[in-house]
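**Q** My structure is below; once you've seen it, I'll send some questions.
The values are calculated or read from the model by the stated rules, or taken from the named source; none is laboratory data. Note that the coordinates shown come from a computational prediction; the quantities given were computed from them, not determined experimentally. Note that we place each Cβ from the backbone using ideal geometry, even for glycine, and neighbour counts take in every protein chain shown. Areas reflect the complete protein model, heavy atoms only, side chains present, ligands, DNA and RNA absent. Shrake-Rupley method; radii C 1.70, N 1.55, O 1.52, S 1.80 Å.
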2 protein chains.
Amino acid sequence: RLFSSEKLTQRDHSLPNPSWSKDLRLLFDQFMKKCEDSSWKRLPSYKCESSQRVQDFKTHFLDPKFMNEQTVHGQLFTRSFEDGLGFEYAMFCNDAEKRIVCLFQGGPYLQGVPGFLHGGAIATIIDATTGMTALLAGGIVMTANLNINFKRPIPLCSTVVLNSQLDKVEGRKFFVSCNIHSVDGKTLYSETTGLFIKLDPDKRLK
Amino acid sequence: RLFSSEKLTQRDHSLPNPSWSKDLRLLFDQFMKKCEDSSWKRLPSYKCESSQRVQDFKTHFLDPKFMNEQTVHGQLFTRSFEDGLGFEYAMFCNDAEKRIVCLFQGGPYLQGVPGFLHGGAIATIIDATTGMTALLAGGIVMTANLNINFKRPIPLCSTVVLNSQLDKVEGRKFFVSCNIHSVDGKTLYSETTGLFIKLDPDKRLK
């Protein structure tokens, strides 16, 4: 049992599963095609991150007092739902253009008013996407500001596309913008600017 | 089985459960005391909202096409985790002062970087609290803007206090501000302004 649950947590959740809609599958296949000439890359995603970057964070920034009995069972928020119920998404990055595209399907457990995504769920996938855009450019960063304009409500269980872009770097500050469109590109759901700060290697988080 | 799951969904999740920390219990008891002279009121909270307000929303604003087989199983995002794993919170409102206080403990499934809450989880509890502040003043509202400054990371599984305040009303626009402090009031974790728009009763959401 331990072995299988360990395998489960290490599954790459950015690959298609049976809960994915036709829209999400089609977009995923399109972006996989773009990956063939290696201008675009798919970013794998796990419930419990074990990447070198996360190990570095634990070593250099995390005061051991925060890793107690409760927090050791921590799971990445965006991957903590069963397949199809929460955040289904895949991110693709274009290093040369400093862009990330996130294909996102928000499941029934992300509801705000009936039939639509919760504003917090939208903010979450925006934070994940813009944060990854800053992280690819700057290493270990934390969100300092998110300014989100919600233009139209996003229907529950629909597929949408996030486009995120690194706009500017000033010292340890990374400025990122992001919008969310419908699959056909005709509906703009939200526009965001985000500011991320690269952690100071001389200071542990308190 | 149907009956017991129905009872489960109708449990009031703003009441203490065994996963609540000592900090959260103590604060809850303090606010329950403030409720005795009815200046403060506790706001009940359910996985599947069935309040008059939600029924009104479904009747007047929701195009039936959004209530399909998938979305009918929708659950309120902030109540869609098992006890203790996600959002544990209780809100109290002061009608005269147009304020809401939200006592919040973010569980291990809300993790961002190891040991700390995901920015999206923080945005979610902010959206829920500021949205409720606007809703109590304006009826059915939707989030139009959230501008969140994240001042310090919030440790996973800790208890924090959100203070939300209605600042201004301009026609159908409701301006709300909100901050998050540690239980002892000494640490400011975040500051937010939010704009909420009261839905136009002549227009259905599309």
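**Q** With every protein chain left in place, what is the accessible area of B:R152 in Å² (1.4 Å probe, nearest 10)?
**A** Its heavy atoms expose roughly 110 Å² to the probe.
**Q** Tell me the distances, shortest first, between B:K151 and the same position across the other copies, using label points 7 Å along Cα→Cβ, in nm to one decimal.
**A** In nanometres, ordered from closest: 3.3.
**Q** Still on this structure, please answer the following. Most mobile of A:V161, A:V113, A:V101 per a Gaussian network model of chain A (Cα springs, under 10 Å)?
**A** A:V113
**Q** Keeping all protein chains in the complex and leaving out DNA, RNA and ligands, what accessible area do you get for A:T59 with a 1.4 Å probe, in Å² to the nearest 10?
**A** Near enough 80 Å² of accessible area.
**Q** Moving on to the next point. On average, how many beta carbons from a partner chain sit within 10 Å of the beta carbon of a residue in B:135-148? The partial results should precede the final answer.
**A** On the way: counts 0, 0, 0, 0, 0, 1, 1, 7, 11, 5, 8, 10, 6, 9.
The mean count of partner-chain Cβ atoms within 10 Å per residue comes to 4.
**Q** Between copies, how close do the B:Q10 label points come, placed 7 Å along Cα→Cβ, listed in nm from shortest?
**A** 4.6
**Q** What dipole magnitude, in Debye to the nearest 20, does the protein assembly as shown give about its Cα centre under +1 on Lys/Arg Cβ and -1 on Asp/Glu Cβ?
**A** About 140 debye.
**Q** Given a cut-off of 20 Å, name the pairs among B:K41/B:K98; B:K98/B:K151; B:K173/B:K203; A:K58/A:K173; B:K58/B:K173 whose C-alpha atoms lie farther apart than that in the structure shown. Present the calculation step by step, with values, prior to reporting the outcome.
**A** Details: B:K41/B:K98 12 Å; B:K98/B:K151 25 Å; B:K173/B:K203 16 Å; A:K58/A:K173 22 Å; B:K58/B:K173 22 Å.
Violating the 20 Å Cα-Cα cut-off are B:K98/B:K151; A:K58/A:K173; B:K58/B:K173.
**Q** To one decimal in nm, how far is A:T193 from the same spot in the other copies, if labels go 7 Å from Cα toward Cβ? Please give the shortest first.
**A** 1.3
**Q** Compare A:H13, A:H181 by solvent-accessible area with a 1.4 Å probe and give them largest first, with all protein chains kept in place.
**A** Numbers: A:H13 10, A:H181 50 Å².
In descending accessible area the options line up as A:H181, A:H13.
**Q** Report the relative contact order of chain B, percent, no decimals, based on alpha-carbon pairs under 8 angstrom and at least 6 residues apart.
**A** Numbers: 370 pairs, mean separation 39.3, N = 206.
Computed over chain B, the figure is 19 percent.
**Q** Let me know the mean shielding of B:80-86 by other chains, meaning the per-residue number of their Cβ atoms within 10 Å of its Cβ. Mind dumping the intermediate values first?
**A** Working: counts 10, 4, 0, 0, 1, 3, 4.
That average works out to 3.
**Q** Could I ask something else about it? Averaged across the residues of B:23-32, what count of C-beta atoms belonging to other chains lies within 10 Å of each residue's C-beta? Intermediate values should be presented prior to the final figure.
**A** Values: counts 0, 0, 0, 0, 0, 0, 0, 0, 0, 0.
For peptide B:23-32, the averaged partner shielding equals 0.
**Q** Using a 1.4 angstrom probe on the protein heavy atoms only, could you order B:Y189, B:Y109 from most to least accessible area?
**A** Values: B:Y189 25, B:Y109 55 Å².
From most accessible down to least: B:Y109, B:Y189.
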